[in-house]
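Let me begin by presenting the structure, written as structure tokens, before commenting on it.
Just so you know, all these numbers are worked out from the coordinates, no wet-lab data involved. Everything numeric here is computed off the predicted structure, so don't read it as measured data. When we count neighbours, we look across all protein chains shown, and the Cβ atoms used for this are built from the backbone with ideal geometry, even at glycine.
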Amino acid sequence: MGVGKLLYVTKAREPSFSEIERLLALRTLGLEEVVFLHATKVAGWETRMAEYGINSRTFVVEGHMVRSILDLAHREGVSLIAASLKCDIGGRVRRSLTKDLLRSSRVPVIILPENVETSGSAQEGMFTHVIFADDWSAASEKARSYLLDFKEIIKELEIVYVLDRKLSVRDMGNLKEKLSQTRKIFLDQGIDAEAHVYAGEPAAEVMLAARDYGATCIVMGTTGKSPLKELLSRSYSYRVAGASVVPTLVIP
């Protein structure tokens with residue numbers, strides 16, 4: 001599939017260039033151009049991108065933030081949106097913008113965290129160590145296929161399934177088989193993958209897994225429905241993306 005054109009959105013008055021640098025591994029997947037959308041004028045970013053051999057252009061938000069993002073994404077034909085929606089006026093506004101963007105976008109969106117965790121792997125490429133929340137729904141399958149295109153830049157992958165009730169011996173056997181089959185899909189593509197089961201509230205457990213394994217990114221689908229709980233429903237993807245301390249890639 002590849003990522004030919006990225007839309008990178010910043011809302012902060014003084015945005016950091018470090019997060020866009022963590023995305024530059026996408027050049028391996030064909031990234032040729034970055035379209036910047038800033039809340040205020042930011043100087044020098046196009047020059048810095050040119051040093052990496054990537055074309056870029058800059059726009060400034062006019063009117064409603066999410067509508068500006070969606071309009072520009074459609075007009076430019078981008079294949080991926082990365083949004084740093086840090087708000088100087090509070091987290092509630094950021095969470096609202098995150099929810100609106102994820103609800104409306106037709107292309108995958110990476111929500112960049114408000115407070116980046118600085119320990120461990122946080123200084124690595126964004127897709128070095130991935131948590132993949134899976135429930136084997138149609139949305140999970142779509143997210144899995146999308147993620148396989150990132151195999152050249154993923155070093156480690158943790159497949160995480162969250163359950164919220166006690167399973168029978170038969171159900172546990174079926175679950176282990178599904179996890180094994182999913183792990184094999186990634187291993188066959190050369191991705192170092194492990195599978196894990198967590199129990200509890202899905203969004204919280206997915207974020208816990210990210211902390212447990214020092215992940216650099218969480219990947220989720222948006223509309224899957226698990227027989228146990230709607231792990232990958234929009235509400236859970238909103239919650240993870242809005243609260244995670246590592247970037248969250250949400251695939252519609």
Translational diffusion coefficient (Stokes-Einstein; Kirkwood radius from C-alpha pairs) of the range 120-251 at 4 °C, 1.567 mPa s, in µm²/s: 89
Compute the relative contact order of the range 5-111 as a whole-number percentage, counting only Cα pairs closer than 8 Å that sit 6 or more residues apart in sequence. 34
The range 6-40: which GluC sites (Glu not before Pro) are DSSP loop and have at most 15 other beta-carbon atoms within 10 angstrom? Glu32
Tyr8 long-range amide H proximity, modeled H, under 5 Å: Val35, Phe36, Leu37, Ala82
In this model, which of Lys142/Lys184; Lys11/Lys41; Lys155/Lys184; Lys11/Lys99; Lys99/Lys155; Lys99/Lys166 are farther than 21 Å apart at the alpha-carbon? Lys99/Lys155; Lys99/Lys166
Under a 5 Å amide H to amide H cut-off, with H placed in plane at 1.01 Å, what residues pair with Ile159 once short-range neighbours are removed? Phe132, Glu194, Ala195, His196
Answer in debye to the nearest 20: the dipole magnitude of the chain about its Cα centre, from +1 Lys/Arg and -1 Asp/Glu charges placed on Cβ, is 760
According to the Kirkwood expression over distinct Cα-Cα pairs, how big is the hydrodynamic radius of the range 5-111, in Å? 13.9
How big is the dipole moment of the range 120-251 about its Cα centre under a simple scheme where the beta carbon of each Lys and Arg is +1, that of each Asp and Glu is -1, and everything else is neutral? Debye, nearest 20, please. 380
Pairs of alpha-carbon atoms within less than 8 angstrom and 6+ residues apart define the contacts here; what relative contact order does the chain have, in percent? 21
